[in-house]
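The values are calculated or read from the model by the stated rules, or taken from the named source; none is laboratory data. Because the structure is predicted, anything quoted here is derived from the model rather than measured. Don't worry about glycine lacking a Cβ; one is built from the backbone with ideal geometry, like all the others, and counts go over all protein chains shown.
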Amino acid sequence: MTTANATLDRLEATDISPLIGTRGHLAKAALLSGEYAADLRELLERRGVVVFPRIDFNDDEQIAFTKTMGRFLPEMEGQEVYNITLDKSLNQKSEYLRGSLYWHADGTMNKVPIGAAILSSKVLPTWGGNTEFCNTYAAYDALPEQDKKQIEGLAAMHSAWTSLFYYEPEPSYAKLEEMIRIGEVELPLVWTHRSGRKSLMLGCTAHHVIGMNPTESTRLLVRLRDWATREPFVYSHEWSVGDAVMWDNTGTMHRAMPYDPDCGRLLHRTKTAGEEPIV
């Protein structure tokens, strides 16, 4: 595939919206060289999402590029590239991806969540299937001061089984037990990063705010999610085959928009290890 990126040996960055998302234009060879890795890491932390339109990575190239961005993190089963698809012939655990239709960050069950992730598009959906991102740094920064004071020091319990009820309101007991075994973790509503910046920790894994009655807890979690996913903080990516999208998993949430589950939509994901725990 020939693209406008093919002959650009200097990084050109164009912001998509004021608060989130930048298109990066650079020759593939220059991306793979690692020469611009430091610039891209700074851009990613500042903008949340970097899009490389129709860069057309093959798997080896995507792995190589990911390694320039940080310590490469294989999947739990050891594979280097993960198939994001509902096609069970390509992903035997595709059932878990049903929760990806709801706002979340990856790896929040771990002490140190994923640092950055990269998706490249292989097969398009017949309809829908955009991937949406929200900037949780910008959402926190824009909160009214009284809200910042209200949530400072609060923590929520997160669990995989909480997300199950988003897409399967009446699961079997066996399914619930399977998800409960994944575990749960207490996370602050506000993640104070080593840089001093702060981001909101929300998403479909958040079950309740610790020490708050159930009604008020639900009100707060929904209000904060509603705030963080408002239009100024959100970028919705409409895929073309060959696109690669990289996001800062420590300062964003993301979700897939609905699409035909039988369409064969396929994205390949690689990721880097996180560099700091959530505190």
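Observations, loosely collected:
- Scanning segment 66-75 finds no residues that are over 14 Å from THR272 (Cβ atoms) and out of contact with any Leu (no Cβ under 7 Å at 6 or more places or on another chain).
- Taking the conditions (1) surrounded by fewer than 23 Cβ atoms within 10 Å (Cβ to Cβ); (2) in contact with a Lys or Arg (Cβ under 9 Å, 6 or more places away or on another chain); (3) part of a loop (DSSP other than H, G, I, E, B) in turn, ASP262 satisfies each one other than (2).
- For ARG54, the conditions (1) free of Cβ contacts under 8 Å to residues at least 24 places away in the same chain; (2) touching a helix residue (DSSP H, G or I) at 6+ places or on another chain (Cβ under 9 Å); (3) not aromatic (Phe, Trp, Tyr) are fulfilled apart from (1).
- Taking segment 88-118 as the range and being in contact with a strand residue (DSSP E or B) (Cβ under 7 Å, 6 or more places away or on another chain) and modelled with pLDDT under 90 as the test, the residues that pass are ASN91, LEU97, THR108, MET109.
- As a summary of the residue check, ASN213 satisfies the conditions (1) under 24 Å from LYS148 (Cβ atoms); (2) in contact (Cβ under 8 Å) with a residue 12 or more places away in the chain; (3) surrounded by fewer than 18 Cβ atoms within 10 Å (Cβ to Cβ) except for the one numbered (2).
- Within segment 149-179, tally of residues that are exposed (fewer than 14 other Cβ atoms within 10 Å of the Cβ) and touching a strand residue (DSSP E or B) at 6+ places or on another chain (Cβ under 9 Å): 2
- Flag set for ALA206, criterion: surrounded by 21 or more Cβ atoms within 10 Å (Cβ to Cβ), without any contact (Cβ under 8 Å) to a residue 60 or more places away in the chain and under 16 Å from the mean Cα position of the chain (by Cα).
- ARG41 vs. criteria free of Cβ contacts under 8 Å to residues at least 24 places away in the same chain, more than 16 Å from HIS237 (Cβ to Cβ) and of a type in the set (Lys, Arg): no
- Test for GLU145: is it surrounded by fewer than 13 Cβ atoms within 10 Å (Cβ to Cβ) and in contact (Cβ under 8 Å) with a residue 24 or more places away in the chain: no
- Scanning segment 165-183 for residues that are in contact (Cβ under 8 Å) with a residue 40 or more places away in the chain and not hydroxyl-bearing (Ser, Thr, Tyr) gives GLU168, ILE182, GLY183.
- Boolean, TRP191 is touching a residue at least 24 places away in the same chain (Cβ under 8 Å) and part of a strand (DSSP E or B): yes
A quick yes/no check of all residues on (1) under 23 Å from PHE133 (Cβ atoms); (2) surrounded by fewer than 16 Cβ atoms within 10 Å (Cβ to Cβ):
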site	(1), (2)
ALA27	no, no
ALA38	yes, yes
VAL51	yes, no
ILE55	yes, no
PHE65	yes, no
ASN91	yes, no
